[in-house]
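Here the structure comes first, spelled out in structure tokens, and everything after it is commentary.
The values are calculated or read from the model by the stated rules, or taken from the named source; none is laboratory data. Note that the coordinates shown come from a computational prediction; the quantities given were computed from them, not determined experimentally. Note that each Cβ is placed from the backbone with ideal geometry, even for glycine, and that neighbours are counted across all protein chains shown. The area values use the complete protein model at the heavy-atom level, side chains included, leaving out ligands, DNA and RNA. Shrake-Rupley method; radii C 1.70, N 1.55, O 1.52, S 1.80 Å.
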Amino acid sequence: MKATLVREFGAGFVTEDVQLSAPTGREVLVDVKASGLCHTDLTASRNDIGYEPPMLLGHEVAGVVSAIGPEVTEFAIGDHVVGCLVQSCGHCEACLTGRTFQCLHPEQTLRVATDAPRITDAAGRTVTQAFGLGGFAQQALIHENQLVKVSDAIPFPQAALLGCGVVTGAGAVINTANTKPGDAVVIIGAGGVGLNAINGAVTAGATTIIAVDVADDKLAKARRFGATHTVNSTKVDAVAEVLAITGIGADSAFDFVGLPAVTASGLEMIRPGGGLYLIGILDPTATLPLLTIGLIGSQKRIEGVYMGSTTPKHDIPLYADLYLQGRFNLDDLMSRQIALDGVDAGYEMLKDPDVTRVVITSGLS
């Protein structure tokens, strides 16, 4: 099959022929129909985060099941599926108590070192399958615990987004923060994941949804997704604006930016007893000074969020159904569709603040 690989850190993406093994055990072979470009993959292509080149990235995957391993029980040939990078064994304490996103043995979704590799290049060298998915390819071999069946009615490009950007943004609001009807929330950063947080806030019934960003185009799009108020932090004091809108501060603030100054301002935007949720990745060398006494007195909390505290088998079909009912906006996330050999160009497109999501939809067959 054709796959777009990373041969060296920082050297970009190259499309070439690779060999994919037949499914064994609980593996499912998926004909990829759409694969989204996420900044996490770009980061992995440039930095050593645990995956060694040559590597196959792409973790927003949608497609059709074309073959199954002998132990697969959940899927049949022809099923429409979405991949998710939440890797769960299904039987550890975390999985059994509904916290698959905190699985203690995610490696059990992969082959062991003594098995033949899932993917090899033309020279027979093992290709690293990042996150257990590898969606920048014509086919993907994925453990059934990382796949979710969805309705045939949802288009593949929109379905692909469900596996990461949607569950990360909406899940942070719905699952992690447990947003309730009547709540006031602040979404800091109105990019693709932030827009899904707005989707989540609308779904949860929040009555005040404030989007904060530095780009007016993004804020205009945030209003289309359901933001009740927008704040351009380059033009006004964002903290003062949020406090003026809410009166006492928001119930929750969600930081999708990951800069210390932004995080600190998010803490000031929430009411006593409110929560600040960190989704954007901070620079590992960055420091965030905290006034402990102030936190104790105000009873504010800060929480890191991974993948929107998502249970994929439950949450992804839910968002898909809401989309089909016209209650969850996925269409306006779609900005560009590209070919399999256009990943480098696709990431250049994402530098445009008007571009929300880029999805591979051609060159896959």
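Summary table below
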{"read-out": "Matching residues, region 174-204, being in a loop (DSSP other than H, G, I, E, B) and open to solvent by less than 30 Å² (accessible area, probe 1.4 Å)", "value": "ALA177, THR179, ASP183, GLY189, ALA190, GLY191"}
{"read-out": "Residues within region 1-25 that are under 11 Å from MET55 (Cα atoms), among the hydrophobic types (A, V, I, L, M, F, W, C) and in contact with a helix residue (DSSP H, G or I) (Cβ under 9 Å, 6 or more places away or on another chain), tallied", "value": "5"}
{"read-out": "Filter result (buried (at least 20 other Cβ atoms within 10 Å of the Cβ), of a type outside the set (A, V, I, L, M, F, W, C) and part of a loop (DSSP other than H, G, I, E, B)) within region 77-95", "value": "GLN87, SER88"}
{"read-out": "Residues (assigned to a helix (DSSP H, G or I), hydrophobic (A, V, I, L, M, F, W, C) and surrounded by 15 or more Cβ atoms within 10 Å (Cβ to Cβ)) located in region 221-242", "value": "ALA222, PHE225, ALA238, VAL239, VAL242"}
{"read-out": "Residue in region 249-257 that is closer than 21 Å to GLY297 by Cα, modelled with pLDDT of 95 or more, open to solvent by 10 Å² or more (accessible area, probe 1.4 Å) and more than 24 Å from the chain's Cα centre (by Cα) present", "value": "no"}
{"read-out": "Subset tally (residues that are in contact with a helix residue (DSSP H, G or I) (Cβ under 8 Å, 6 or more places away or on another chain), in a loop (DSSP other than H, G, I, E, B) and more than 20 Å from VAL30 (Cβ to Cβ)) for region 100-116", "value": "2"}
{"read-out": "Residue within region 117-134 that is part of a loop (DSSP other than H, G, I, E, B), open to solvent by 80 Å² or more (accessible area, probe 1.4 Å) and free of Cβ contacts under 8 Å to residues at least 12 places away in the same chain present", "value": "yes"}
{"read-out": "Residue count, region 305-340 (criterion: among the acidic types (Asp, Glu), closer than 28 Å to GLN87 by Cβ and open to solvent by 60 Å² or more (accessible area, probe 1.4 Å))", "value": "1"}
{"read-out": "Exclusive hit being without any contact (Cβ under 8 Å) to a residue 40 or more places away in the chain and open to solvent by less than 10 Å² (accessible area, probe 1.4 Å), set LEU282, LEU276", "value": "LEU276"}
{"read-out": "Neighbours by Cβ (under 7 Å, 6+ apart or cross-chain): first from region 239-259, farther than 15 Å from GLY189 by Cβ; second open to solvent by 10 Å² or more (accessible area, probe 1.4 Å) and among the polar types (S, T, N, Q)", "value": "VAL239/SER265; ILE245/THR208; THR246/THR208"}
{"read-out": "Test result for ALA197, among the small types (Gly, Ala, Ser) and over 16 Å from LEU318 (Cα atoms)", "value": "no"}
{"read-out": "Residue list for region 17-57, filter: surrounded by fewer than 20 Cβ atoms within 10 Å (Cβ to Cβ), in a loop (DSSP other than H, G, I, E, B), at pLDDT 95 or above and in contact with a Gly (Cβ under 9 Å, 6 or more places away or on another chain)", "value": "ALA22, THR24, GLY25"}
{"read-out": "Qualifying residue in region 304-314 (condition: in contact with a Pro (Cβ under 7 Å, 6 or more places away or on another chain) and more than 28 Å from LYS218 (Cβ to Cβ))", "value": "no"}
{"read-out": "Selected residue [modelled with pLDDT of 95 or more, of a type in the set (Ser, Thr, Tyr) and either open to solvent by less than 10 Å² (accessible area, probe 1.4 Å) or in contact with a strand residue (DSSP E or B) (Cβ under 7 Å, 6 or more places away or on another chain) (or both)] from THR356, THR361, THR263", "value": "THR361"}
